1. Since GLN706 meets every condition but one in (1) out of contact with any Leu (no Cβ under 6 Å at 6 or more places or on another chain); (2) open to solvent by less than 50 Å² (accessible area, probe 1.4 Å); (3) farther than 17 Å from PHE614 by Cα, which condition does it not meet?
2. Kindly indicate whether ALA699 is farther than 30 Å from ILE244 by Cβ and surrounded by fewer than 16 Cβ atoms within 10 Å (Cβ to Cβ).
3. Among the residues of segment 391-449 satisfying the criterion of being surrounded by 14 or more Cβ atoms within 10 Å (Cβ to Cβ) and acidic (Asp, Glu), which is farthest from PHE320 (Cα to Cα)?
4. In the set GLY616, GLY563, GLY515, which member is out of contact with any Pro (no Cβ under 9 Å at 6 or more places or on another chain), modelled with pLDDT of 70 or more and under 28 Å from PRO500 (Cα atoms)?
5. So for segment 746-761 (the condition being under 18 Å from PHE614 (Cβ atoms) and in contact (Cβ under 8 Å) with a residue 60 or more places away in the chain), does at least one residue qualify?
6. Which of (1) in contact with a strand residue (DSSP E or B) (Cβ under 8 Å, 6 or more places away or on another chain); (2) assigned to a helix (DSSP H, G or I); (3) among the aliphatic types (A, V, I, L, M) does ALA83 not meet, given it meets every other one?
7. Quick one: GLY314 ticks every box in (1) open to solvent by 10 Å² or more (accessible area, probe 1.4 Å); (2) small (Gly, Ala, Ser); (3) more than 25 Å from ALA215 (Cα to Cα) bar one, so which box is it?
8. Going by the structure shown, is GLN183 surrounded by fewer than 24 Cβ atoms within 10 Å (Cβ to Cβ), in a helix (DSSP H, G or I) and free of Cβ contacts under 8 Å to residues at least 40 places away in the same chain?
Amino acid sequence: MRAENSTRSGIPSTVSKSVDAWFTPGRFAALLAILILIFFPDVILGTRTFVFRDYGLYGYPVAFYHRESFWRGEVPLWNPLSACGIPFLAEWSTLVLYPFSFLYLLSPLSWSLGVFCLAHLILAGLGMYFLAHRWTASRLAASVAGLAFAFNGFSLNSLIWPHYTASLGWMPWVLLTAEHAWQQGGRFVIAAAVVGTLQMLAGPPEVILTTWLLAGALWIGQCVFGKLPPWTLLKRFLFLVLTISGLSAAQLFPFFEFLLHSQRDAGYSTSGWSMAPTGWANLLVPLFYCSKTTAGPYMPYGQALTSSYYLGIGVLALAFFAVGRLREWKIWLLGAIAALGLILALGDAGYLYGFFRRVLPQIGFMRYPVKFVMLTTFAVPLLAACGVRKLLCETGEDSSRSWRFFTALWVTMLGLIFLIVWFAFYYPAGEESWATTVRNGLERAGLLSLIVGVVYRLSRIENLRKQGVFGFILLVVIWLDVATHTAPQNPTVARTVYEPGLQPLQDLKPKPKLGESRAMVSFSARFRFHFTMLSDPFNTYLGVRLGQFSDLNLLDGLPNVDGFYSLYVKEEYETRSMLYFSTNTLPQNYFDKEFMARGIPYISTNYVTSLADFLGVSQITAPGKLFDWEARPTYMPLLTAGQRPVFLDAAGSLRALLDPAFNPRQVVYLPTDSKPFITLTNQPLVRILSPKFSAHRVAFETEADQPSMVVAAQTFYPCWTGYVDGQPTRLWRANHAFQALQVPAGQHQVQLVYRDRNFLAGVTISWITLFGCLAGLVRQRSRNENLAKVQRVPVVCSG
């Protein structure tokens, strides 16, 4: 029999407790794993692998380079194969210091990286399960929240970014352990610090920032509405943040150094790829104003970052119900966070984003406002869990009022779905047929009705077995809603697509090699790769590999002028942009009619040849081609010497590189502040002997009849240091973005060494913090044992 009344504390009634017996953490984890296996059987079994978009263009090549460095016994601080050399570990999205990267470092990468991503979906679901259970005391409600967080459009889209998936997986765990930490202190602070550090090492900054904005809002709520003294909460919260910072210092220090020298600043952000003004309609009809790509997945109108941000129609209804019926401060907070995320995701169209950019310019470091939908993606599952708890806990008149409200909400959402479908008919956009939108809307309406019916039936039955069955049906229908809301977002292909050493690339003559020369994808080819997508993802990917687009050069070990990263060294980025976009090389006929007819501009393959020579470009995309290469016999070695120094400021050197008279074999542009330290003015005779290149060291010998300059066509970065005969020698910025040093007359041993002192300092601080945490745990345990002994001592009363 059910209890007649629920308690005020929100502890579930007998009905809910009976259902809870079915949804233990172990069973929920098993259910989540089964549903993921059903959704991605080929990835888990190893017959196929992910490849779509950034997974194949960035995530897999970066993991491949990390793995290759690991098996060479190197910590990959620097990547010499991309963007003329670029910091690697400091990028923060490369997962170098993330402990669970060992899953794919020690296993076949084409299988294990996909499993790595899916394992973090399970981690995300379990974390949300435990967080929701802490807030609702209902295991069924917690299961709904966990499933909704693991399976929604944005989480599934994020599988294309291994670092995003890993960081999202830890997000609910950070909130869960942080709440324990500031409420209970002691060893809970250490546990929260470890969890927070794992997320910090996974990156990216946007997810971490979102997580701690949520944590900060929750902490403020605890201070205002909680029973603990605010000063105690503040001390514990600050100590937690400080501990996480110390444990993460090995990653944070190199990142902030890189950010300081990167192309990003407070004005970098744009409102591009915001959620469309009609984007909220996709929460009810996910294919409204969407277009289908040739590879299969749909993309929302005006959106190229995420293929979906659909939350689930039933989950959204339960969340709306919680906001409308519950009077708890956490509900108000979560509702505000969910609304804020949707408004900020609109970018400038939502007004708040522009206001925040003016008030807090640092937000400009993060691109693409649609990322703020993460706030909504996190808040809505928790709200849905609270809605399930209330619907199943209440009895009597309270239950009747709740169900009248939920029924009105159901009818309203059905009306909105039909309104959106009507709007799509009278105001079509894109090429997608109206029938697709209608079918998609009717499916959501049917599933919403089914979810409402299942929850209603669940609240009325008393048989324990039937309660468990209907609870299971509820979870399956919620999963089915998300699983069918759009075409598969993550196409898979045979794992052979990633096999290194494509023969056509190995047969290039001359073949670009580390320390010798580089390949360069023409701007025409880069532009067309962005717009070319075949219906067969396997052949599409092989094509972009042959064209060495994005970071795919890492799979074949070919140095490339270009690269696809979030951060670049600012001066190198400026120079490379000029290489492609020089105004004095753009043709009169900027657009090709053939490609214009298909809506794709064809940009000329012209480029700054003297700069390409300096950068050692030995192969470039053949004119009018995508997959064929053309040799450039005029390329220079990556190490040259004897140039006459010309001293210019930064803007002057950038302009001088575009001058048709620029001859990198005869002159080198150095910064004006180097003039007092350079003792030569002419072009001496100098030879470079026995050059040896590795990721973090360049070694060679010089023979010169007088002091001379040696120039390396490698990105200038503060971590590089020059040595002549073992003595430190200052490196100068050469040709705006590269390296040069002066060597004395005679024969000398010269080295360029990459030594990241920020990384070493960060590692030291991380180890000190770790030992401090261990000492704190030992001290806490000793204190608890002593307290237990005192409590066991019998009290003797004297007469």
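The values are calculated or read from the model by the stated rules, or taken from the named source; none is laboratory data. A quick note: this is a predicted structure, and the numbers were derived from the prediction, not measured. FYI the Cβ positions are ideal-geometry reconstructions off the backbone, even for glycines, and counts take in every protein chain you see. All accessible areas refer to the heavy atoms of the entire protein, side chains included, with ligands and DNA or RNA removed. Shrake-Rupley method; radii C 1.70, N 1.55, O 1.52, S 1.80 Å.
1. For GLN706, the failing item is (2).
2. Numbers: farther than 30 Å from ILE244 by Cβ: yes; surrounded by fewer than 16 Cβ atoms within 10 Å (Cβ to Cβ): yes.
For ALA699, the condition - farther than 30 Å from ILE244 by Cβ and surrounded by fewer than 16 Cβ atoms within 10 Å (Cβ to Cβ) - is met.
3. Restricting to residues being surrounded by 14 or more Cβ atoms within 10 Å (Cβ to Cβ) and acidic (Asp, Glu), the top hit is GLU432.
4. Numbers: GLY616 fails: out of contact with any Pro (no Cβ under 9 Å at 6 or more places or on another chain); GLY515 fails: out of contact with any Pro (no Cβ under 9 Å at 6 or more places or on another chain).
It is GLY563.
5. no
6. (2)
7. If we test GLY314 against (1) open to solvent by 10 Å² or more (accessible area, probe 1.4 Å); (2) small (Gly, Ala, Ser); (3) more than 25 Å from ALA215 (Cα to Cα), just (1) comes out false.
8. Details: surrounded by fewer than 24 Cβ atoms within 10 Å (Cβ to Cβ): yes; in a helix (DSSP H, G or I): yes; free of Cβ contacts under 8 Å to residues at least 40 places away in the same chain: no.
Considered against the rule, which asks whether it is surrounded by fewer than 24 Cβ atoms within 10 Å (Cβ to Cβ), in a helix (DSSP H, G or I) and free of Cβ contacts under 8 Å to residues at least 40 places away in the same chain, GLN183 comes out as no.
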